[in-house]
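What follows is a set of notes on a single structure, which appears directly below.
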Amino acid sequence: MSLSLQIPMRWGDMDAYGHINNVEIVRILEEARVHAFGPPAGTGLPGVEVELPIFADLPEGIQALVVEHRIKYLASLHYRNVPAKVDVWISAVKGASFTVAYAIFDPVAGTKCVIAETTLAYYDEPAGQLIRLLPEKKQMLSALLGEPNFR
């Protein structure tokens with residue numbers, strides 16, 4: 001199962017070739033995560049309710065940190081004045097981390113332009129250490145479990 005989102009492209013996201021710049025692709029991925037799973041606790045709240053608040057319901061002092069990004073560019077994503085379609089799902093749930101997978105599509109041509117994955121972990125900032133995923137968080141994440149983009 002995946003969530004299908006509409007993420008706006010900005011005029012300033014273009015590079016000199018008229019493509020969405022690779023750095024801005026990472027911003028689109030971040031926006032998709034927040035649209036899908038809510039903003040980190042304490043920021044941007046109140047906001048839009050999400051079905052799987054995997055970031056918004058974290059206890060004080062716990063952060064969801066990016067451990068790794070992996071991105072493969074399949075085709076150019078050209079600027080359009082309509083949002084890009086981004087599919088988001090969970091591709092791995094481990095003891096202390098989980099991986100969010102994405103596919104970004106050109107909203108006009110329907111071409112799959114980018115596949116990506118972001119691995120995140122919960123970090124107890126006051127204690128200075130990673131924490132294991134609670135069983136209820138694993139269950140929540142598993143509801144969107146699908147195939148990985150990378151083997």
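The values are calculated or read from the model by the stated rules, or taken from the named source; none is laboratory data. Fair warning: this is a prediction, and the values are worked out from it, not measured in the lab. Glycine also receives a Cβ, built like all others from the backbone with ideal geometry; neighbour counts cover every protein chain displayed.
Scanning the stretch 23-53 for residues that are in a loop (DSSP other than H, G, I, E, B) and in contact with a helix residue (DSSP H, G or I) (Cβ under 7 Å, 6 or more places away or on another chain), we see that the one that is modelled with the lowest pLDDT is VAL50.
Looking for whichever is without any contact (Cβ under 8 Å) to a residue 60 or more places away in the chain and either surrounded by 14 or more Cβ atoms within 10 Å (Cβ to Cβ) or touching a strand residue (DSSP E or B) at 6+ places or on another chain (Cβ under 6 Å) (or both) here; the options are ALA84, ALA96, ALA32. Which one fits?
Values: ALA84 fails: without any contact (Cβ under 8 Å) to a residue 60 or more places away in the chain; ALA32 fails: without any contact (Cβ under 8 Å) to a residue 60 or more places away in the chain.
Answer to the check: ALA96.
Determine, yes or no, whether SER4 is outside any loop (DSSP other than H, G, I, E, B), of a type outside the set (Asp, Glu), over 19 Å from GLU136 (Cα atoms) and out of contact with any Ser or Thr (no Cβ under 7 Å at 6 or more places or on another chain). Judged against the criteria, SER4 is a match.
Taking strands (runs of 3 or more DSSP E) as the structural unit, those lying wholly within the stretch 81-136 and holding at least 3 residues that are under 21 Å from GLU31 (Cβ atoms) correspond to 84-93, 97-105, 112-124.
For the stretch 50-67, the condition of being within 23 Å of LEU145 (Cα to Cα), among the polar types (S, T, N, Q), surrounded by 14 or more Cβ atoms within 10 Å (Cβ to Cβ) and touching a residue at least 12 places away in the same chain (Cβ under 8 Å) holds for at least one residue.
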